[in-house]
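The values are calculated or read from the model by the stated rules, or taken from the named source; none is laboratory data. Not measured: the values here are computed from a predicted model. Here the Cβ positions follow ideal geometry from the backbone for every residue, glycine too, while neighbour counts run over all protein chains shown.
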């Protein structure tokens, strides 16, 4: 009987549904198999970190099944839109990359139709899709050894300071004005009003 | 007795420690109070989404205490290095931004010393720091009403395709070659070797 990082498939699906906002996304089921495959290819006891190549679904499977989270920064997202994740030794950079294999997916038309958006969403049979994903398991995945570059492994030095514009503290490697004030990257309309902070 | 989204402080700290990799980071405790303050300022029943202004700690508190995760993309990170989060109505964009207030933090020297890295890490008394954070609670936070821009609220259309270079499927709004192949943004040394995928 297949397991996902020591959990039964059912246990994993329940956890995935609960953490991911109350809905069992098909991508979360695939991502569970990806994490299991990646972990099996990392030697027991390795202190590993993770790179996700998309923000969609797979970071949640990593966060449920490993100690790596976005907030502790043992998991990083470099969003290039590919359904792939890399687990690597945090000291040596040796690791394994697991991805959804477009060629292998052809053997499972229901999965390909969903993933490649070949069918309108309203025509999709989610139950049949989840069944196909459970049947496929690791058959639609590929794995290869990978070496993460030394520059990526080192900790980047960041300064901490108070921004002279917004008066807030910030951490950055980009100078004395915080990136929010310098680059106006936040999607806020200006002139914020004070909210109630008292209990 | 103060609570954090319906949990006792102790219950929250246990969850935070477990999710965040087995260590109760001081930033996770502050972030718990931030989520509580933000949620109190959003009308009950609002379907909300979250923007975190740093990847450090606070996204994990959001993921523990709300249905918003990085993988379901109801939480987004725009990393400008500021210790701040915005909760907003996903349809109207009306929301509240909560941040660590550098001015108010001056009343709690142990917190300021830690947050602004004024003291070498080895000289820090983590237990005293956590106590100071629990004592301060929301006193070191500021909250203001904010309006998220309409452009940010809409779903960005992404195409799904097979990249002609890597032969993998990808989702992007950037054309027919995947961003990984086009921009070489991934920190991998080339020439990957096949890993074992069989059980």
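Check off (1) modelled with pLDDT under 95; (2) more than 12 Å from chain B (Cβ to nearest Cβ); (3) closer than 30 Å to residue A:10 by Cα; (4) under 23 Å from the mean Cα position of the chain (by Cα) for residue A:122 and give me the number that stays unchecked.
(4)
Touching a strand residue (DSSP E or B) at 6+ places or on another chain (Cβ under 6 Å), at pLDDT below 90 and either surrounded by fewer than 14 Cβ atoms within 10 Å (Cβ to Cβ) or not in a strand (DSSP E or B) (or both): does that describe residue B:197? Can you show your working first?
On the way: touching a strand residue (DSSP E or B) at 6+ places or on another chain (Cβ under 6 Å): yes; at pLDDT below 90: yes; either surrounded by fewer than 14 Cβ atoms within 10 Å (Cβ to Cβ) or not in a strand (DSSP E or B) (or both): yes.
The answer is yes for residue B:197.
Taking the conditions exactly as written (farther than 18 Å from residue B:21 by Cβ, more than 19 Å from the chain's Cα centre (by Cα) and within 9 Å of chain B (Cβ to nearest Cβ)), does residue A:105 satisfy them or not?
Values: farther than 18 Å from residue B:21 by Cβ: yes; more than 19 Å from the chain's Cα centre (by Cα): yes; within 9 Å of chain B (Cβ to nearest Cβ): yes.
Yes: the conditions hold for residue A:105.
Could you check, for segment A:54-64, whether at least one of its residues is farther than 23 Å from residue B:188 by Cα and either surrounded by fewer than 17 Cβ atoms within 10 Å (Cβ to Cβ) or modelled with pLDDT of 95 or more (or both)?
Here is the first cut: in segment A:54-64, the residues farther than 23 Å from residue B:188 by Cα are A:64.
Subsequent filtering for residues that are either surrounded by fewer than 17 Cβ atoms within 10 Å (Cβ to Cβ) or modelled with pLDDT of 95 or more (or both) retains A:64.
Yes, segment A:54-64 contains a residue that is farther than 23 Å from residue B:188 by Cα and either surrounded by fewer than 17 Cβ atoms within 10 Å (Cβ to Cβ) or modelled with pLDDT of 95 or more (or both).
Just to be sure before I move on: is residue B:180 closer than 20 Å to residue A:166 by Cα and surrounded by 12 or more Cβ atoms within 10 Å (Cβ to Cβ) in the structure I sent? Quick ask: steps written out before the conclusion?
Working: closer than 20 Å to residue A:166 by Cα: no; surrounded by 12 or more Cβ atoms within 10 Å (Cβ to Cβ): yes.
Spelling it out, it is not the case that residue B:180 is closer than 20 Å to residue A:166 by Cα and surrounded by 12 or more Cβ atoms within 10 Å (Cβ to Cβ).
With the condition being touching a residue at least 24 places away in the same chain (Cβ under 8 Å), in the same structural domain as residue A:147 (by TED's automatic domain parsing) and under 26 Å from residue B:65 (Cβ atoms), I'd like the helices (runs of 4 or more DSSP H) fully within segment A:21-108 carrying at least 3 qualifying residues. Spell out how you get there, then give the answer.
On the way: elements: A:26-40, A:58-65, A:102-105.
It comes to A:26-40, A:58-65.
Those residues that are within 22 Å of residue A:93 (Cα to Cα) and surrounded by fewer than 14 Cβ atoms within 10 Å (Cβ to Cβ), I need them from segment A:144-163; list them, please.
Within segment A:144-163, A:149, A:150, A:151, A:154, A:155, A:156, A:157 qualify.
Scan segment A:161-188 for residues that are touching a strand residue (DSSP E or B) at 6+ places or on another chain (Cβ under 8 Å), facing chain B (nearest Cβ under 7 Å) and more than 21 Å from residue B:141 (Cα to Cα) and jot them down.
Passing the criteria: only A:187.
State yes or no: is residue A:146 modelled with pLDDT of 90 or more and in a strand (DSSP E or B)? Before you say what the answer is, go through the steps one by one.
Numbers: modelled with pLDDT of 90 or more: yes; in a strand (DSSP E or B): yes.
Yes: the conditions hold for residue A:146.
Going by what's in this entry, would residue B:111 be described as surrounded by 11 or more Cβ atoms within 10 Å (Cβ to Cβ), more than 7 Å from chain A (Cβ to nearest Cβ) and out of contact with any strand residue (DSSP E or B) (no Cβ under 8 Å at 6 or more places or on another chain)?
Values: surrounded by 11 or more Cβ atoms within 10 Å (Cβ to Cβ): yes; more than 7 Å from chain A (Cβ to nearest Cβ): yes; out of contact with any strand residue (DSSP E or B) (no Cβ under 8 Å at 6 or more places or on another chain): yes.
Yes, satisfied.
Look at segment B:69-99 and say how many of its residues are touching a strand residue (DSSP E or B) at 6+ places or on another chain (Cβ under 8 Å), closer than 24 Å to residue A:23 by Cβ and surrounded by 22 or more Cβ atoms within 10 Å (Cβ to Cβ).
8
Please specify each residue of segment A:20-43 satisfying the condition of being more than 11 Å from chain B (Cβ to nearest Cβ) and farther than 17 Å from residue A:143 by Cβ.
Correct list: A:24, A:26, A:29.
With A:128, A:112, A:132, A:136 as the choices, which residue is without any contact (Cβ under 8 Å) to a residue 24 or more places away in the chain, under 23 Å from the mean Cα position of the chain (by Cα), in a helix (DSSP H, G or I) and within 29 Å of residue A:23 (Cα to Cα)? Before the answer, list the steps.
On the way: A:128 fails: under 23 Å from the mean Cα position of the chain (by Cα); A:132 fails: without any contact (Cβ under 8 Å) to a residue 24 or more places away in the chain; A:136 fails: without any contact (Cβ under 8 Å) to a residue 24 or more places away in the chain.
Matching residue, one of A:128, A:112, A:132, A:136: A:112.
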